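One structure is given below, encoded as structure tokens.
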Amino acid sequence: MIATLATSIKILTNNEFSADVLNKIAVYSGVETGKILFIVDPMDFLIRDSAISEFSTLRDVEKMNKIVPNPESTNIDEMAEIARKIMPSIVIAIGGGSTLDSAKAVNMLINNDGLLDDYLGPNPYRSIKNKGQKLVLIPTTTGTGSEATRFGVYTSKSGRKYTLASDFLYGDIALLCEALIAEMPASLVAVSGYDALTHALETIWNKNASTQSDLLAEQAVVDVFCNIKDAWQESVDKSGSKKKFSLLLAANAAGIAFNKTGTAAIHALSFIISEKWHLPHGLACAFFTDSVYEMNSKKPEVAKKLASIAVKGGVASIHDKEQIAVEKFGKSLLDLRAEIGLIGKFAEIKGFDPTISQDEIVESFLPSMDDPKMKNNIIPMDSKYLWKIVKEKL
Ligand SMILES: [Fe+2]
């Protein structure tokens, strides 16, 4: 996989998951002594739990399972306080994006002072000075790409979501394991897969795009797009895990791609949706994908890339005019979103108050304009366009 050449993280793949696999990873990490701290979510997960339990007969193991969705700084500070006392030689996180992001922050705080909020926001009180302990990231969902990035997303005590970026947040090893994603429910494949799709798209229409990021992202968009529907259907039918594993590989490649550029308008807007209506990250990202696609595809260099992707993704012909190919791909993204059960109208959000005024909704999205992710977007978003896209969603 070309993407693995573009990252310093050692990315391993394996079909099975067991204590033996964990032991091999620990040996591969080069740290043969000391405690190993597992960070996982509180849900029962037989294959993961039995592997950790058996592994604990081989090595000195501690386990934390206090992960919450949309990781909160208070929760991470509590885990970090305990982790500093444990002082593990290796931290191994097994889970979805919230688990991996939480582990990145906990591991960072082991070797850096203060609380997580000290490092968040536009003018943080502290900067990250030290690398954490050896970090192993093992995703159990097919989308966040967190195992491949220097980013973590956290909700501060103020309730605002922030992206924290640092080379000291990188994992050392990532394991992409088919057995761990085999039982994913279809709804989770949908939200995490669409999140991966937006990671690759936001790399395409990013101000920081380069020849290398384009190469990675164009392939990642095609690979995610071509696998997401089949992977979702595979979960609906309970017919195996091959397509989900292909989606996991594509999502990892999308992570390696957007790690080069950061994300853009879709993600800046999604943070507000998650803050206000508590939607899962992937669902919030899918919401404005069509609006941002339409806006950014007006830029000629973006249209050229999207037209090429449309052909490679099999939704347009090589004989189609560029504009037609772009429109066809835009429509296919919209169709895909509906087919796998994701939403694109405010009325479809659970708990949305239909009496809320349009002005009030637009106002709630205004903080996204100051988000550094929004500034990565190739076309600047202004309040006039924000007003337009919100209106279209009502
Ligand atoms: Fe995302």
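Per residue, how much accessible area does the chain show when a 1.4 Å probe rolls over the protein heavy atoms, in square angstrom? List each step's numbers first, then the result.
On the way: 16440 Å² over 394 residues.
Ligands and nucleic acids excluded, the result is 42 Å² per residue.
For the chain, find the longest principal axis of its Cα atoms and tell me its angle to the long axis of helix 383-392, 0 to 90°, nearest 10.
Helix 383-392 sits roughly 90 degrees off the main axis of the chain.
Report the residue, chosen from 223, 113, 214, that carries the largest GNM mean-square fluctuation when the chain is represented by alpha-carbon nodes joined by springs under 10 Å.
Most flexible of the set in this elastic network: 113.
With charges only on Cβ, +1 for K and R and -1 for D and E, what is the dipole size of the chain about its Cα centre, in debye, rounded to 20?
Details: 43 positive and 48 negative charges, 142 e Å.
Computed charge dipole of the chain: roughly 680 debye.
Once neighbouring chains are kept in place and the probe is 1.4 Å, which whole percent of the accessible area of segment 73-178 is contributed by carbon and sulfur? Let's see the in-between values first.
Values: 1730 of 3450 Å².
On segment 73-178, the fraction of accessible area on carbon and sulfur atoms equals 50 percent.
State the percentage of accessible surface on segment 259-360 attributable to carbon and sulfur atoms; use a 1.4 Å probe and exclude ligands, DNA and RNA.
Exposed carbon and sulfur together represent 55 percent of the surface.
For segment 1-104, what does the alpha-carbon gyration tensor say about shape, rounded, prolate or oblate, given a ≥ b ≥ c as the root eigenvalues, a/c under 1.5 as rounded, and a/b over b/c as prolate? Present the calculation step by step, with values, prior to reporting the outcome.
On the way: a/c = 1.42, a/b = 1.17, b/c = 1.21.
Rounded, because the longest to shortest axis ratio a/c is under 1.5.
Any idea how far the Cα center of segment 192-218 sits from the one of segment 91-134, in Å?
Each part reduced to its Cα centre gives a spacing of 25 Å.
Using 7 Å Cα-to-Cβ label points, what is the residue 210/residue 348 separation (nm, one decimal)?
The modelled label-to-label distance comes out at 3.7 nm.
Positive end of the charge dipole of segment 249-306 (Lys, Arg +1 and Asp, Glu -1 on Cβ, about the Cα centre): tell me which of 277, 300, 262 has its Cα farthest that way.
Of the options given, the answer is 300.
Between residue 363 and residue 382, 0.36 nm times their residue separation minus their Cα-Cα distance comes to what? Display every interim value, and only then the final one.
Numbers: separation 19, 0.36 × 19 = 6.84 nm, distance 1.25 nm.
Result: 5.6 nm gained on full extension.
Tell me, what % of the accessible area of segment 1-72 is carbon and sulfur with a 1.4 angstrom probe?
Details: 2150 of 4120 Å².
Looking at segment 1-72 in its full context, I get 52 percent from C and S.
Using only DSSP helix segments of four residues or longer, with each worth -39500 (n - 2.57), what per-residue ellipticity at 222 nm results for the chain after dividing by its residue count and rounding to 500?
-16000 deg cm²/dmol
Can you tell me the Rg and the Dmax, both Å, for the Cα atoms in segment 237-327?
Both quantities, over Cα of segment 237-327: 15.7, 44 Å.
Would you grab the residues whose amide H sits under 5 Å from the one on residue 62? Only those 5+ places off in sequence or on another chain, please, with H modelled 1.01 Å from N.
It is 36, 37, 38, by chain and number.
Could you give log10 I(q)/I(0) at q = 0.26, 0.28 Å⁻¹ for segment 177-238, computed by the Debye formula over C-alpha point scatterers of equal weight, without solvent?
With one equal scatterer per Cα and no solvent, log10 I(q)/I(0) is -1.00, -1.09.
Normalised by the number of residues in segment 11-168, what is the relative contact order in percent for Cα pairs under 8 Å and 6+ residues apart?
22 percent
Between residue 62 and residue 320, what is the FRET efficiency for a Förster distance of 51 Å, r being their Cβ-Cβ separation, to the nearest 0.05? Before the final figure, lay out each step's value.
On the way: r = 57 Å, r/R0 = 1.11.
So the FRET efficiency works out to roughly 0.35.
For the chain, modelled as a GNM with alpha-carbon contacts under 10 angstrom, which of 15, 252, 123 fluctuates the most?
Largest GNM mean-square fluctuation: 123.
What lysines sit close enough to residue 242 to cross-link, taking a C-alpha to C-alpha distance under 25 Å and skipping anything fewer than 8 places away on the same chain?
In chain and number order, the partners are 10, 24, 229, 312.
Which of the three applies to segment 83-237, rounded, prolate or oblate, going by the alpha-carbon gyration tensor with a ≥ b ≥ c and a/c under 1.5 meaning rounded?
Values: a/c = 1.99, a/b = 1.46, b/c = 1.37.
In terms of gyration-tensor shape, prolate.
Per the Kirkwood treatment, what hydrodynamic radius in Å, one decimal, follows for the chain from the mean inverse distance over all distinct Cα pairs?
Its Kirkwood hydrodynamic radius stands at 21.2 Å.
Relative contact order, percent, of the chain when contacts are C-alpha pairs under 8 Å separated by at least 6 residues?
Values: 764 pairs, mean separation 57.0, N = 394.
It comes to 14 percent, rounded to a whole number.
Using per-residue counts of other Cβ atoms within 10 Å, averaged over each peptide, order 307-320, 182-195, 135-148 from highest down. Walk me through the intermediate numbers first.
Numbers: 307-320: 17.6, 182-195: 22.9, 135-148: 28.8.
With the highest mean Cβ count within 10 Å placed first, the list reads 135-148, 182-195, 307-320.
Let me spell out the model: positive unit charges on the Cβ of Lys and Arg, negative unit charges on the Cβ of Asp and Glu, origin at the Cα centre of segment 221-337. What dipole size does that give, in debye rounded to 20? Could the numbers behind the result be given before it?
Details: 16 positive and 12 negative charges, 34 e Å.
Dipole of segment 221-337, to the nearest 20 debye: 160 debye.
Helix 97-110 versus the longest principal axis of the chain: what angle, 0 to 90°, nearest 10, using Cα atoms?
Here the helix axis deviates by roughly 50 degrees.
Helix 322-339 against the longest principal axis of the chain: what's the angle in degrees, Cα atoms only, rounded to the nearest 10?
Once rounded, one gets 60 degrees.
More than 15 angstrom separation, counting every C-alpha pair in segment 228-271; what % is that?
Working: 528 of 946 pairs.
Percentage above 15 Å: 56.
The values are calculated or read from the model by the stated rules, or taken from the named source; none is laboratory data. Everything numeric here is computed off the predicted structure, so don't read it as measured data. Glycine also receives a Cβ, built like all others from the backbone with ideal geometry; neighbour counts cover every protein chain displayed. Just so you know, the surface numbers come from the protein's heavy atoms only, side chains and all, with ligands and any DNA or RNA stripped out. Shrake-Rupley method; radii C 1.70, N 1.55, O 1.52, S 1.80 Å.
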